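Structure record follows, encoded as structure tokens.
The values are calculated or read from the model by the stated rules, or taken from the named source; none is laboratory data. The model shown is predicted, which means the values in this text are computed figures rather than measured ones. Glycine gets a Cβ as well: all are built from the backbone with ideal geometry, and neighbour counts include every protein chain shown. Quick note on the areas: whole protein, heavy atoms, side chains included, nothing else; ligands and nucleic acids left out. Shrake-Rupley method; radii C 1.70, N 1.55, O 1.52, S 1.80 Å.
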Amino acid sequence: MTPSLSPSEHIAHVASRASSLLGFIFRSTRSFNSPQSIVSLFKSLVRPILEYGSVIWSPYQLNHKEQLQHVQDRFIRMLGPRLGFSYRTTPVSDVESHFGLLPLQLRRHHADLLLLFKLLNGLVDCPELLSSIDICVTRGLRSMTIFRRRFNTTNYSRFSGMSRLMRAGGVASSHLDFFHDSAPSFRRKVIALCDVT
């Protein structure tokens, strides 16, 4: 983090490191006939670099989101010629869907919801974070959220980790059960919910 707590340098470093690894993967797999094998390498080697610790530094500025997503888009375009497309005409969203590659922003949203679930259910032992979750009892049908909305005076506080987690949980709380599901069941429901929305 920079002295201003901006994730800019971190995101630039992560995107650069992941892009370099992409080049290595494609140089090393020239003889591969299976695009699925290359996708597996991307998922196991490149995507973890783009996502490690993202619940802490998840970007909210559009240029930062695009900088990260550009790495996955570039991977798909590099994969395109092996699927019968040219680099520039590869239908990125179609190839993403075919190989089950969700947009990285959506995967970060999944990670936020899963961390909130784990904190609430004692699967992550961190009393400091747990104590910063504001749970409220709804008094009517008008508001069904179980997480209290916070008033934030700055973008920094609005998009900070716990504010973002509670906002995501508040939106999803009418569709997800944060207290009675098992972790695998909750994960499946998060993926299904985000695919629909």
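For the range 9-59, the Stokes-Einstein estimate of translational diffusion at 37 °C and a viscosity of 0.692 mPa s comes to 278 µm²/s, using the Kirkwood hydrodynamic radius over alpha-carbon pairs. If you model the chain as an ellipsoid using its alpha carbon gyration tensor, with each semi-axis the square root of five times an eigenvalue, the axes come out at 35, 20, 15 Å, biggest first.
Could you put 176, 62, 102 in order of accessible surface area, largest first, with the 1.4 Å probe and the full protein assembly present? Kindly include the intermediate steps, with their values, before the conclusion.
Details: 176 10, 62 115, 102 40 Å².
Order by accessible area, largest first: 62, 102, 176.
Solvent-accessible area of the range 39-154 (1.4 angstrom probe, protein heavy atoms only): carbon and sulfur portion equals 55 percent.
Per residue, how many Å² of accessible area does the range 3-136 show with a 1.4 Å probe? Working shown, then result.
Working: 7180 Å² over 134 residues.
Heavy-atom accessible area per residue stands at 54 Å².
Among 129, 46, 72, which residue has its Cα positioned farthest towards the positive end of the charge dipole of the chain, with +1 placed on the Cβ of Lys and Arg, -1 on the Cβ of Asp and Glu, and the dipole taken about the Cα centre? Positive-most Cα among the choices belongs to 72. Taking a straight Cα-Cα cut-off under 20 Å and skipping sequence neighbours fewer than 8 places away in the same chain, the lysines within cross-link reach of residue 43 are 65. Peptide packing for 121-134, 178-191, 104-117 was compared via the average number of neighbouring C-beta atoms within 10 Å per residue; ordered from the highest value, the list is 104-117, 178-191, 121-134. Relative to the longest principal axis of the C-alpha atoms of the chain, give the angle of the C-alpha long axis of helix 183-196, reported between 0 and 90° and rounded to the nearest 10°. The angle comes out at about 70 degrees.
Only protein heavy atoms count here; under a 1.4 Å probe, residue 32 has an accessible surface of about 90 Å².
In the calculated pair distance distribution of the range 51-120, what percentage of Cα-Cα distances lie above 17 Å?
Details: 1202 of 2415 pairs.
The share of Cα pairs beyond 17 Å in the range 51-120 comes to 50 percent.
What do you get for Rg/Rh over the range 76-184 if you use C-alpha atoms and the Kirkwood form of Rh?
Details: Rg = 18.8 Å, Rh = 16.5 Å.
In the range 76-184, Rg relative to Rh is 1.14.
Taking a straight Cα-Cα cut-off under 16 Å and skipping sequence neighbours fewer than 8 places away in the same chain, the aspartates and glutamates within cross-link reach of residue 118 are 128, 134, 177, 181. Compute the angle between helix 8-28 and the longest alpha-carbon principal axis of the chain, please, reported from 0 to 90 degrees and rounded to the nearest 10. Relative to the chain, helix 8-28 is tipped by roughly 40 degrees.
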